[in-house]
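What follows is a set of notes on a single structure, which appears directly below.
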Amino acid sequence: MPQVHDDVVWLKPGQIAERAGLAVSTLHYYESLGLIQSRRTAGNRREYRRDTLRVLAFIRASQRVGISLDRIKDALDQLPDEGLPTKKEWARISRQWRDDLNDRIDHLTALRDRFSDCIGCGCLSLKSCPYSNPDDILGAKGQGALRFP
């Protein structure tokens with residue numbers, strides 16, 4: 001368990017949720033996944049450290065670019081339990097995801113640039129469409145509903 005310093009500011013779930021723009025239930029969900037932590041008061045109520053707001057901002061920004069909660073948790077597990085992560089530690093996480101994000105950007109750019117051709121084509125062929133299934137990569141994964149990784 002992380003050491004608690006006297007100068008740590010603790011906030012109620014409603015305060016954290018309002019400032020982060022999230023529902024309180026989302027805080028509880030993130031906590032159940034181990035993404036954030038709270039403590040219990042003498043009255044058995046949750047309180048979150050104020051620096052949880054930075055972690056929540058990181059989670060939301062990561063999700064916006066398509067990073068899964070599992071990968072976010074793996075990244076957060078690499079950060080120190082005590083104190084705030086440094087800029088260097090946040091940058092290290094960012095570098096780990098850079099190649100994946102560049103691949104996503106390339107894929108989305110190609111999709112955007114070809115989208116009107118795809119809609120106008122009318123072939124409706126998921127097997128041979130060079131846009132929705134390049135080189136029939138989905139066919140190699142077997143039958144049934146499949147999606148791009």
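Per-residue answers, yes or no, for (1) basic (K, R); (2) modelled with pLDDT of 85 or more; (3) open to solvent by 90 Å² or more (accessible area, probe 1.4 Å):
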site: L84; (1), (2), (3): no, no, no
site: K88; (1), (2), (3): yes, yes, yes
site: L108; (1), (2), (3): no, yes, yes
site: C118; (1), (2), (3): no, no, no
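Counting just the residues of the stretch 40-59 that are outside any helix (DSSP H, G or I) and touching a helix residue (DSSP H, G or I) at 6+ places or on another chain (Cβ under 6 Å), which one comes out least open to solvent (accessible area, probe 1.4 Å)? The qualifying residue least open to solvent (accessible area, probe 1.4 Å) is Y48.
Out of the residues in the stretch 9-31 that are among the β-branched types (V, I, T) and open to solvent by 30 Å² or more (accessible area, probe 1.4 Å), state the one that is modelled with the lowest pLDDT. The qualifying residue modelled with the lowest pLDDT is V9.
Among the criteria (1) within 21 Å of D99 (Cβ to Cβ); (2) in a loop (DSSP other than H, G, I, E, B), the one R71 does not fulfil is (2).
The values are calculated or read from the model by the stated rules, or taken from the named source; none is laboratory data. Just so you know, these numbers come straight off a predicted model, no measurement behind them. Glycine also receives a Cβ, built like all others from the backbone with ideal geometry; neighbour counts cover every protein chain displayed. Ligands, DNA and RNA are stripped out before the accessible areas are found, and what is left, the full protein with its side chains, is counted by its heavy atoms. Shrake-Rupley method; radii C 1.70, N 1.55, O 1.52, S 1.80 Å.
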